[in-house]
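Q: Below is a structure I'd like to ask you about.
The values are calculated or read from the model by the stated rules, or taken from the named source; none is laboratory data. As the structure is a prediction and not an experimental result, all values here were calculated from the model. Here Cβ is always computed from backbone atoms with ideal geometry, including for glycine, and neighbour counts include all displayed protein chains.
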Amino acid sequence: MRKIDLIVIHCSATREDRDFTEHDLEVAHRRRGFNGIGYHFYIRKNGDIKTTRPIEKIGAHVKGYNAHSIGICYEGGLDTNGRPKDTRTLWQKHSLQVLVKTLLADYPDSKVCGHRDLSPDLNGNGEIEPEEWVKACPCYNVSEELSKEQGN
């Protein structure tokens, strides 16, 4: 079993008014040269959690971090005009919370972050700021939401 110390949240970067199934995701990833979906889990708008890659298999979701991470992606992330937006439904939020809690029980030393939080710290101040994000994914502040869930 590989060592896991990071759980990374992503969005599919698809419009909130369109469906993007796990089959669509697989087709998109294969077109990019992946041998299947790069994320370990995919959360549909209705809250269904799809296992899309075995945890034992290294993901293809964030360059430089795949060997020791688990990737979770939710369907959506863009408004109807294609701009970044937190489009998560109540069901997605609940499923994401349950899934992360379950994974943290299995991998208690893991850090949870959004894909954008792994962007390079261009000014070297120790903080990844919005102007440094390579992309907006997952279109919400993961650490802020985790703090709220934990009552901090």
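Q: Quick check: is even one residue across the range 132-140 within 14 Å of the chain's Cα centre (by Cα), in contact (Cβ under 8 Å) with a residue 12 or more places away in the chain, outside any loop (DSSP other than H, G, I, E, B) and within 25 Å of ILE55 (Cβ to Cβ)? Steps first, answer last, please.
A: Here is the first cut: in the range 132-140, the ones within 14 Å of the chain's Cα centre (by Cα) are 135-140.
Retained after the next criterion (residues that are in contact (Cβ under 8 Å) with a residue 12 or more places away in the chain): 135-140.
When the remaining residues are screened for being outside any loop (DSSP other than H, G, I, E, B), the result is none.
The answer is no; no qualifying residue exists.
Q: Check the range 30-45 and report whether any residue there is touching a helix residue (DSSP H, G or I) at 6+ places or on another chain (Cβ under 8 Å), assigned to a loop (DSSP other than H, G, I, E, B) and more than 20 Å from ASN66 (Cβ to Cβ).
A: Yes, there is a match, as at least one residue in the range 30-45 is touching a helix residue (DSSP H, G or I) at 6+ places or on another chain (Cβ under 8 Å), assigned to a loop (DSSP other than H, G, I, E, B) and more than 20 Å from ASN66 (Cβ to Cβ).
Q: Only one residue in LYS63, LYS148 is surrounded by fewer than 13 Cβ atoms within 10 Å (Cβ to Cβ), modelled with pLDDT under 95 and under 12 Å from VAL8 (Cα atoms), so which one is that? Working first, answer last.
A: Working: LYS148 fails: under 12 Å from VAL8 (Cα atoms).
Being surrounded by fewer than 13 Cβ atoms within 10 Å (Cβ to Cβ), modelled with pLDDT under 95 and under 12 Å from VAL8 (Cα atoms) holds for just one of LYS63, LYS148, which is LYS63.
Q: Looking at LEU96, LEU78 in this structure, which one is within 12 Å of the chain's Cα centre (by Cα) and either closer than 18 Å to ILE43 by Cβ or crowded, with 17+ Cβ neighbours inside 10 Å (or both)?
A: LEU96
Q: Can I ask one more? When GLY36 is evaluated against the numbered criteria (1) at pLDDT 95 or above; (2) surrounded by fewer than 19 Cβ atoms within 10 Å (Cβ to Cβ), which criterion, by number, is the only one it fails?
A: GLY36 satisfies all of (1) at pLDDT 95 or above; (2) surrounded by fewer than 19 Cβ atoms within 10 Å (Cβ to Cβ) except (1).
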